[in-house]
Amino acid sequence: MTRHIIIHYDEIALKGKKRARFEDQLVANLNGWLKHAALPFRARRSWGRVFIDPLDGADWATHEDTLRARLRRFPGVSSFGFAFACAKTPEALFASAQKLAARAKGGSFRATAKRVDKSFPLSSQEIEREYGAAMLRAEPSLKVSLKHFDAEARIEVLDRDIVVYLKERGVGGLAVGSSGRIVALLSAGFDSPVASFLLMKRGGRMFPLHFHASELTTDEPLEAVRDLCVELSRAQGPMKLALVSVTAIQDHIAAHAPSPLRIILLRRSFLRMAERHAATVRALALATGDSLGQVASQTLENMRAIDEAATLPVLRPLVGLNKTQIIDLARFIGTADISARPCADTCAMFVPKQPETRARLGAVLEAEQAIIERLRALEEEALSAMRIWRFAWGRQLEDDEQKANDHQ
């Protein structure tokens, strides 16, 4: 029997005339990962599905765990399975049941059939009934459960052959890059990495931007942000992290602005610089990890006062989540342990004892006007000293690799 990985997507199938572009983006992302990881497999699309085929000499036993772990968190992959392809005859089909029965490992299961080729002599219901019976004969310890099952045996009758597999869940969503570019304000905490991943899952290609005051702290925040980008790049692929020092900007605001407003003024400065960076990378939106009411700067009044500094939309995918939900998502995407490291956050160090929680936009603009001329000059200096670190598919790139990936 020929072996493949079969991949299904959900929302991509709803995109009408643009469906091919979304499918091609998913295939390109999969092939980018497979090539970068030197895995002997390649992806292709066919009949509303994506297949990953082995290259000559590929050893499934060696690579199956690696492939499974990555596909479970690959944006755009709704479900997948390690499939066996057999001839389009009832005899060949039912002979394959032994393969799936062995992989189901004694739990409960159901069989689900779909016929793309309606000329096949058995109906979907007949296939399900007979295939389930064949699995039970092959592995008597299995149990049938149509609603609450441990494994789902999928049978798909395609144009040239039949594929059978046990269905496994992915994260779904859209392929990274299919919805445009977004500059994400990335800190070393829990929230902003999760926000970035959720927007990747909506098709956004993220350009993380980290503001730091490393002159006043240790290198721990930069090391944490680097490691976060390593993890996030496992889902996105090529990624450019921009690093901007804001020590001088913090000093200027602290020296000349009202104490209760200084975190709001600092975050307005962040958005202005993020928007400048967005223009250079052709991004159409900014993103933060804000959650409504979580900290002083994340009240509705303060969000309004901060957002007024930008003309691009500011996306907040975590706005309705609490901290427990965010940390659970961080564990799922692999960033929780990194974000839990003790390190000094740039904004946290800057928060006054009594920050304004219900800022009036007029008062914010008045305070900003008194310092804006020097503040804009400092922003320009900070951006001109920006550093870029590049990542791809789970690792930071070396200098020569960075140059080779500049076009991405």
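The values are calculated or read from the model by the stated rules, or taken from the named source; none is laboratory data. It should be emphasised that the depicted structure is a prediction, and the values quoted were computed from it without experimental measurement. Glycine gets a Cβ as well: all are built from the backbone with ideal geometry, and neighbour counts include every protein chain shown.
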- Which residue, of Ala188, Ala242, is surrounded by fewer than 24 Cβ atoms within 10 Å (Cβ to Cβ), in the same structural domain as Leu292 (by TED's automatic domain parsing) and among the hydrophobic types (A, V, I, L, M, F, W, C)? Ala242
- Entirely in the stretch 131-191, the strands (runs of 3 or more DSSP E) that have 3 or more residues that are under 30 Å from Phe211 (Cβ atoms): 180-185
- Mind counting the residues in the stretch 59-72 that are exposed (fewer than 14 other Cβ atoms within 10 Å of the Cβ), over 19 Å from the mean Cα position of the chain (by Cα) and not hydroxyl-bearing (Ser, Thr, Tyr)? 5
- Message: Every residue in the stretch 223-239 that is closer than 24 Å to Glu381 by Cβ and buried (at least 21 other Cβ atoms within 10 Å of the Cβ), please.
- Response: Val225
- Message: Considering only residues that are of a type in the set (Gly, Ala, Ser) and part of a loop (DSSP other than H, G, I, E, B), which ones fall in the stretch 19-43?
- Response: Ala37, Ala38
- Hey, does the stretch 20-30 have a residue that's in contact with a Pro (Cβ under 9 Å, 6 or more places away or on another chain) and either at pLDDT 95 or above or surrounded by fewer than 19 Cβ atoms within 10 Å (Cβ to Cβ) (or both)? yes
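Does Leu93 satisfy being part of a loop (DSSP other than H, G, I, E, B) and either more than 36 Å from the chain's Cα centre (by Cα) or modelled with pLDDT under 95 (or both)?
no
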- Task: Write out, first by first residue and then by second, each pair whose Cβ atoms fall under 9 Å of each other, whose residues are 6+ apart or on separate chains, and whose first residue, in the stretch 203-216, is at positive phi while the second is part of a strand (DSSP E or B) and of a type outside the set (A, V, I, L, M).
- Result: Gly203/Gly180
- Note: among Thr280, Thr288, just one is within 20 Å of Met206 (Cβ to Cβ) and buried (at least 22 other Cβ atoms within 10 Å of the Cβ), namely Thr288
- Query: What do you reckon, is Arg68 in contact (Cβ under 8 Å) with a residue 12 or more places away in the chain, within 30 Å of Ser196 (Cα to Cα) and of a type in the set (D, E, K, R)?
  - Reply: yes
- What number of residues in the stretch 137-165 are among the hydrophobic types (A, V, I, L, M, F, W, C) and either out of contact with any strand residue (DSSP E or B) (no Cβ under 7 Å at 6 or more places or on another chain) or not assigned by TED's automatic domain parsing to the domain that holds Trp47 (or both)? 2
